[in-house]
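One structure is given here, and the rest of the page talks about it.
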Amino acid sequence: MMSDKVRIALRVLIVVILLFFFTIIGVYVGYNYVLSQEARFDELSAGIEEGKYVIKADTPGAVPILLESGDSTSDIADKLYEEGLIDNTLMFSLLSKINGFDGAYIEGTHFVKAGLTYDEIMYYLTLEPASVSVTIPEGSTYEEIKEILHKAGLNFKDEEFDECMNSPDLFVDYDFISKIEINPDRDYILAGYLFPDTYTFDVNASPEKIIRKFLNNMRNKLYEEYYTRAERIGMSMDEVITLASIIQKESSRARDMMYISAVFHNRLDSQKEDMQFLSSSATINYLIKKNGGKSSIKHSSGELNIDSPYNTYKYKGLPPGPVSMPGLDAISAALYPEPNCNYMYFCATGDGGTVFAVTLKDHEKNVSKYSDNWDKGEDVESTYNSDTDLGDGDTDDDAAQATTEGA
């Protein structure tokens, strides 16, 4: 008879043999699985590069999956399950770990569709998310920027964006935002700081993330010397941006901007009370567009008398906040006006140019000379019109007054 020790030894041997056998099978199956997986992913990758397997928003059956910062694999599995793309969250999580996808998923919006295998879904979620490239022109207003972003395909809610624009506490890590002195008459606290440039945004980016991308760019553009210069000329950075926003709308020419800035600075520094009005048509057009109207070079008396702190014909000094998003040329001009310049007036030539004058008499001559061009000149929005201030003259409501910048 076989002893107990022999039987135990045989059982152990059989178990070892079986374990070895299954290990060999497992390694073989796993190795072939990895090879087949790599082959599938190579095919997917090649197909995506050729545009064959690309899944976009307009692909039939495409389902958007938004991966947010901090999402775990189980969070992602739950989102996929809720959309009906997988039927077993545990299996997805296990396969993700086995396949080495954990930690490889990229934040942002991805498009997948029903019928994909778990592996294929994982692969798509590691690709670059859906994004759009957007160019914000210099001189854009906040309302125009929202429209541009929506047309590009971004899906934010306007009311949430508006709330963020009036929530500087969210952005106190930006020095230029933390130092804004809040004026209750200001339309949007962060207006002026969405730096005009070309950006890439995720289609489902939150308003806060969108704004932060703008502010990051603005922070890079506001050099340390700008802060030193602002202090030297007795202005806060917010006042500089506000002035720059007006200059930006007055001319698209960098050289003219410096002279326009000099006019505005001369008025701000003037000891004569009647000369302390910037009288900028840019602020009138801001109010007109705010009320659904269209910008123009000529303004009626009614428009010039709109009762708003943004109306620089009625209120002295700078308006409560920026009227547009200024570019670098305008910001630089606000900080470095043309030196030794005693101009107090300027007006548009009607072709995008600007002429300047020291006295009201010379200014009125310029207005008389160029006013005929204003009706046939370039579109106001493309020339960033430089308007005019006629000084003490009043006009009838039915007569379009040429708003020759008093500045």
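The values are calculated or read from the model by the stated rules, or taken from the named source; none is laboratory data. This structure is a prediction, so every number in the text was calculated from the model and none was measured. In this analysis, Cβ positions are derived from the backbone assuming ideal geometry, glycine residues included, and neighbour counts consider all displayed protein chains.
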Kindly check whether there is at least one residue in segment 207-217 that is at pLDDT 95 or above and at positive phi. no
Going through segment 68-93 in order, the residues found to be buried (at least 19 other Cβ atoms within 10 Å of the Cβ) and either among the hydrophobic types (A, V, I, L, M, F, W, C) or part of a strand (DSSP E or B) (or both) are ILE76, ALA77, LEU80, LEU85, ILE86, PHE92
Within 14 Å of the chain's Cα centre (by Cα) and in contact (Cβ under 8 Å) with a residue 60 or more places away in the chain, is that true of GLU143? yes
Give segment 162-218 a look and list any residue that's part of a helix (DSSP H, G or I) and of a type in the set (A, V, I, L, M), or say none. MET165, LEU170, ILE177, ILE210, ILE211, LEU215, MET218
Of the residues LYS79, LYS113, LYS146, LYS97, which is closer than 30 Å to LEU215 by Cα and among the basic types (Lys, Arg)? LYS146
Run down ILE86, ILE55, ILE8 and say which single residue is at pLDDT 60 or above and either within 29 Å of the chain's Cα centre (by Cα) or in the same structural domain as PHE156 (by TED's automatic domain parsing) (or both). ILE55
How about segment 176-190: which of its residues are among the β-branched types (Val, Ile, Thr) and under 22 Å from ASN217 (Cα atoms)? ILE177, ILE180, ILE189
Would you say VAL323 is buried (at least 18 other Cβ atoms within 10 Å of the Cβ), modelled with pLDDT of 95 or more and touching a Lys or Arg at 6+ places or on another chain (Cβ under 7 Å)? yes
Could you list all residues from segment 219-267 that are of a type in the set (A, V, I, L, M) and under 21 Å from the mean Cα position of the chain (by Cα)? LEU222, MET237, VAL240, ILE241, LEU243, ALA244, ILE246, ILE247
Scan segment 231-258 residue by residue and report those that are buried (at least 19 other Cβ atoms within 10 Å of the Cβ), of a type in the set (A, V, I, L, M) and assigned to a loop (DSSP other than H, G, I, E, B). MET235
Restricting the search to segment 248-280, which residues are in contact with a strand residue (DSSP E or B) (Cβ under 7 Å, 6 or more places away or on another chain) and among the acidic types (Asp, Glu)? GLU250, ASP256
Of the residues in segment 171-210, those that are buried (at least 18 other Cβ atoms within 10 Å of the Cβ) and of a type in the set (A, V, I, L, M) come to ILE177, ILE180, ILE189, LEU190, ALA191, LEU194, VAL203, ALA205, ILE210
If a residue must be over 40 Å from the mean Cα position of the chain (by Cα), part of a helix (DSSP H, G or I) and not acidic (Asp, Glu), how many such residues does segment 353-375 contain? 5
Being closer than 20 Å to SER69 by Cβ, among the aliphatic types (A, V, I, L, M) and in contact (Cβ under 8 Å) with a residue 12 or more places away in the chain: is that true of ILE210 here? yes
What about ASN340, is it at pLDDT below 95, closer than 17 Å to ILE260 by Cβ and of a type in the set (S, T, N, Q)? yes
Residue, surrounded by the fewest Cβ atoms within 10 Å (Cβ to Cβ), within segment 107-140, restricted to residues that are in contact (Cβ under 8 Å) with a residue 60 or more places away in the chain and in a helix (DSSP H, G or I): GLU120
Residue count for segment 262-309, restricted to those that are in contact with a Phe, Trp or Tyr (Cβ under 7 Å, 6 or more places away or on another chain) and in a loop (DSSP other than H, G, I, E, B): 5
Verdict on SER96 being at pLDDT 70 or above and not in a loop (DSSP other than H, G, I, E, B): yes
How many of the residues in segment 220-230 are without any contact (Cβ under 8 Å) to a residue 24 or more places away in the chain and either part of a loop (DSSP other than H, G, I, E, B) or under 20 Å from PHE277 (Cβ atoms) (or both)? 1
